[in-house]
1. Sketch the reach of a paramagnetic label on His145 as a point 7 Å from Cα along Cα-to-Cβ, and name the residues of the stretch 153-189 whose backbone nitrogen lies under 18 Å away.
2. Provide the FRET efficiency to the nearest 0.05 for the Asn303-Asp138 pair, computing r from the beta carbons and using R0 = 25 Å.
3. May I ask you to work out the translational diffusion coefficient for the stretch 143-194 at 37 °C, viscosity 0.692 mPa s, via Stokes-Einstein with Rh from the Kirkwood sum over Cα pairs, reported in whole µm²/s?
4. Please work out the Cα center distance from the stretch 235-267 to the stretch 8-23, rounded to the nearest Å.
Amino acid sequence: MQDMTSELGVTVVAGFLGAGKTTLVNHLLQHADGRRLGVMVNDFGALNIDEALVDERRDDLITLSNGCVCCSLQGELSASIESMIKRRGGQLDHLLIECSGVSDPERVVNVLHYPRIRARARLEAVITLVDAALDHADLSPALRHLVASQVDNADLVVINKTDLVDESTIAQLEKAILLPGARHVRVSQAALPAELVLWPSSTEAPAIRRVRSSPSPETNTQALGLKTFSWKSDGDLDVKELSAILNGMPKDIIRFKGVVRLNDGRALALQRAAGRMTSWELDRGRVEESKLVFIGIDSAAVNEWVGEGMAALGG
């Protein structure tokens, strides 16, 4: 257990939408080996989709089944991090901060260097995930710049989903995005060995931080040509209607997640990233309403599709 007066080790998890950040965080929680982990999540939408996926919520604190704690990253960034460390730092062995998929991790890094935070916490690494199955050439210049900046700011680049592509695709991606000498590993299912992140104590972590060589780009959604859409309803959704809408989702919707109550009695968690839709069943009693969040290219076609689809669902 972390002593109240000692530094709390912090790892920042970054990467573009759908790269596997949440999967990595869940993997680390499952392989914590008795360590108590704090998790702060800065999601991309106005609705808290992940709230239905945890076991208990009290104020800003979420208690997971393995005894770890999770807080949403709400409000002013430095105040949120400082409050988390002050209130919970003494109960934790390590803190994971998951960045939004459309943000540069440099902002979090800069906040962790504030004197009042640095006195209690030490940044051990920035880990950036890259989706090997995503055709980065299809991204706009602004989004490609964002991905490059996320990679440039990383101490460790994790090339994820390598099981979905061939060796030549991975090699071309690494050649295109990695800086000379960049530390990187290849994984599938975001299964990064936990020992690369969770050290027995902060004093045993290697000094792998490096100084950033270029300024951070503008990463708000408007500057990136993106728009976020949020929708919710307290009624049960028609399975066939929802399926038809999601199957017709345009390519320019680059990220989607949601939790839904269906008229067949089920409750599901849904997500789409890099063109692939996945779902898993939830305890219906923990899903009080259906909530969907989309992020996509800000275009007339996307706006029209979202408007028509949400109207069809009755939201």
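1. Within reach of a label on His145, which here means backbone N under 18 Å from a point 7 Å along Cα→Cβ, the stretch 153-189 contributes 153, 177.
2. Details: r = 20 Å, r/R0 = 0.80.
For Asn303 and Asp138, the calculated efficiency is 0.80.
3. Values: Rh = 11.6 Å.
Answer from the Stokes-Einstein relation: 282 µm²/s.
4. 26 Å
Throughout, read-outs are computed from the coordinates displayed, never taken from laboratory work. What you see is a predicted model; the values in this text were computed from it and never measured. Ideal geometry is used to build each Cβ from the backbone, glycine not excepted, and the neighbour counts take in all protein chains shown.
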